[in-house]
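The values are calculated or read from the model by the stated rules, or taken from the named source; none is laboratory data. Keep in mind that this is a model prediction, so the values were computed, not measured. All Cβ positions, glycine included, derive from the backbone under ideal geometry; neighbour counts span all protein chains shown.
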Amino acid sequence: MAVRDTHQRIQDVRRMLETEVDAWVASTDDSGEPYLIPLSFAWTGSQLIMAAPASSRTVRNLHRGGQTRVGIGPTRDVVMIDATVSIESPAPSDPRWDVHAEQAGFDARRSDPAYALIVLNPVRIQAWRNPAELAGRTVYQNGAWLEDAGQSV
């Protein structure tokens with residue numbers, strides 16, 4: 001299988017972020033017990049927006065931990081995102097609710113119990129399709145696509 005260059009990987013990651021709907025979101029509870037859950041997401045071009053019941057284990061874990069690791073795509077074409085987390089309860093008129101509803105396919109504002117927005121700010125994004133792509137898998141670091149910064153990791 002051919003190894004993609006950084007430019008191609010970044011294009012593929014951006015396409016996946018714009019077209020995929022679901023991600024696996026990791027967290028831990030206060031005793032360190034791991035927890036993994038699928039959540040729908042919307043990509044704004046710089047953040048992933050998710051929604052979950054405000055009183056849920058996921059929201060509690062992510063709020064307390066302040067960071068997460070997210071997996072998108074199948075294991076042979078995976079995007080892994082390390083991100084900081086912000087839990088928010090914006091007004092129903094906040095446009096991020098609309099973005100999430102449109103891309104994720106449901107309007108969390110209409111859910112009972114009340115939902116919170118989970119806002120993920122990527123710190124690192126990695127992409128690979130096979131073991132040959134493990135080298136150079138980091139395509140985004142500290143707010144910049146590595147191709148834009150002329151770097152390769």
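Here is a yes/no grid of residues against (1) assigned to a helix (DSSP H, G or I); (2) loosely packed, with under 14 Cβ neighbours inside 10 Å:
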residue: Val13; (1), (2): yes, no
residue: Leu36; (1), (2): no, yes
residue: Ser46; (1), (2): no, yes
residue: Ser55; (1), (2): no, yes
residue: Arg69; (1), (2): no, no
residue: Arg76; (1), (2): no, yes
residue: Val79; (1), (2): no, no
residue: Val85; (1), (2): no, no
Q) Can you tell me which residue in the stretch 18-34 is nearest to His100 (Cα to Cα), limited to those that are of a type in the set (Ser, Thr, Tyr) and loosely packed, with under 14 Cβ neighbours inside 10 Å? A) Thr19
Q | The lone exception for Asp12 - which of (1) in contact (Cβ under 8 Å) with a residue 12 or more places away in the chain; (2) under 17 Å from Gln141 (Cα atoms); (3) in contact with a Phe, Trp or Tyr (Cβ under 9 Å, 6 or more places away or on another chain); (4) not hydrophobic (A, V, I, L, M, F, W, C) it fails | A | (3)
Q) Is there any pair linking a residue in the stretch 74-91 that is within 14 Å of Ser27 (Cβ to Cβ) to one that is outside any loop (DSSP other than H, G, I, E, B) and at pLDDT below 95, with Cβ under 8 Å and at least six apart or on different chains, and which? A) Val85/Gly65
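One line per residue, one yes/no per condition, for (1) within 25 Å of Thr58 (Cβ to Cβ); (2) touching a Lys or Arg at 6+ places or on another chain (Cβ under 9 Å):
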site	(1), (2)
Phe106	yes, no
Ala127	yes, yes
Val139	no, yes
Ala144	no, no
